[in-house]
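Just so it is clear, none of the values below were taken in a lab; they were calculated from the coordinates. Computed from a prediction, not measured in an experiment: that's the story for all the values here. When we count neighbours, we look across all protein chains shown, and the Cβ atoms used for this are built from the backbone with ideal geometry, even at glycine.
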Amino acid sequence: MEFIYTHDMTTSYQELLKAQKKTVVKRWIYISSFMVVPTIFFFLFYDMGLLYRIIFFSSISLFILFWMITLFVTLFHVSEKPYYESFYPQVINDINNNEPILFLYQPYPPEKSFFNSSNLYPLLSAKHVKMRMSFVSKHNFGIDVYDAIVNNTGLKRVNYLNGYYFIIKGYSAPHFQIRTYYNPFGRTKYKRLIDVSIARAFVAPDQFDVDGDYLRLYNLIKDAFDSPSVSMSSTGEDLHIGITLHPMKRKIKKLDEACYNKLRLMLMQIVDIANLIKPISKK
């Protein structure tokens, strides 16, 4: 069955955006209503003195400023939920019906513990997962792909990942990491290979090099996605790859055919990259 993009899809998407904005506005009105009680309280005790009035008017002025800023942000707010709950599934269905691949898709999956096994990011970093899609590569590896954000929420904000996170299941290579920035995190011990210049490469203490195929895969991914940061880690059981995209667009104000085709091409590019990962050759 051939999929044809229609104007009805744009109309449906815009309606979902409007519905989501109405929900945000209702919440904003509900929060604002809490100022009614202190306002009434003020007028009941208006004659208590000048200091009382100064404190109150200062407080109400700050609230009005906050209220106006919040209203301005709300009016121009574009929710990402229709993107993941409506737009993504439509593109996924198109690919499932017309390409030799079958995606399983879930928006906003609750599971995040898989990040910890890779030692790619700090254990206590904030992790946000927007969607998960799963498929089987041509070499019969189970592939999970997440749209994810990993960052440090401390005083100094650090973005470790803003893009796609791959898990190639059952890829039992020796422990190693290849990454653009930072050293490995977690308790697993690594040593750095100082003779590798294209990236920061790390292996287990009893290893002396990393297979050149992984270095080539790192370069290929970085070039294919024009990524400013790629992190790759073998846990001994699975292969984890974090790919930062710039920009990583998650909100679309107006859906059109160009947006549709762009996401479709990106998902097929993900499949192509996954299909390049071959079984480990026995040497």
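Observations on the model:
- Net charge of Cβ neighbours under 13 Å - reference Arg179; Lys, Arg +1; Asp, Glu -1: +3
- Modelled FRET efficiency - R0 22 Å, His139 with Leu215, Cβ distances, 0.05 increments: 0.70
- A viscosity of 1.306 mPa s and a temperature of 10 °C, combined with the Kirkwood radius over C-alpha pairs in the Stokes-Einstein formula, give region 78-121 a diffusion coefficient of 126 µm²/s.
- Distance between region 244-283 and region 87-166 - C-alpha centres, whole angstrom: 11 Å
- Sequence ranges 92-98, 114-120, ranked by mean other-Cβ count within 10 angstrom, highest first: 114-120, 92-98
- Footprinting exposure proxy for Met266, Met68 (fewest neighbouring C-beta atoms within 10 Å first): Met68, Met266
- Within straight-line reach of Lys112, meaning a Cα separation under 14 Å, sit the following aspartates and glutamates at least 8 residues removed in sequence or on another chain: Asp144, Asp147.
- Per residue, the Cα convex hull of region 81-275 amounts to 124 Å³.
- Checking the cross-link pairs Lys189/Lys278; Lys81/Lys254; Lys138/Lys278; Lys81/Lys249; Lys127/Lys156 against a 18 Å limit on the alpha carbon distance flags Lys189/Lys278 as lying beyond it.
- Sorted on the mean count of surrounding Cβ atoms within 10 Å across their residues, most packed first, peptides 213-223, 140-150 read 140-150, 213-223.
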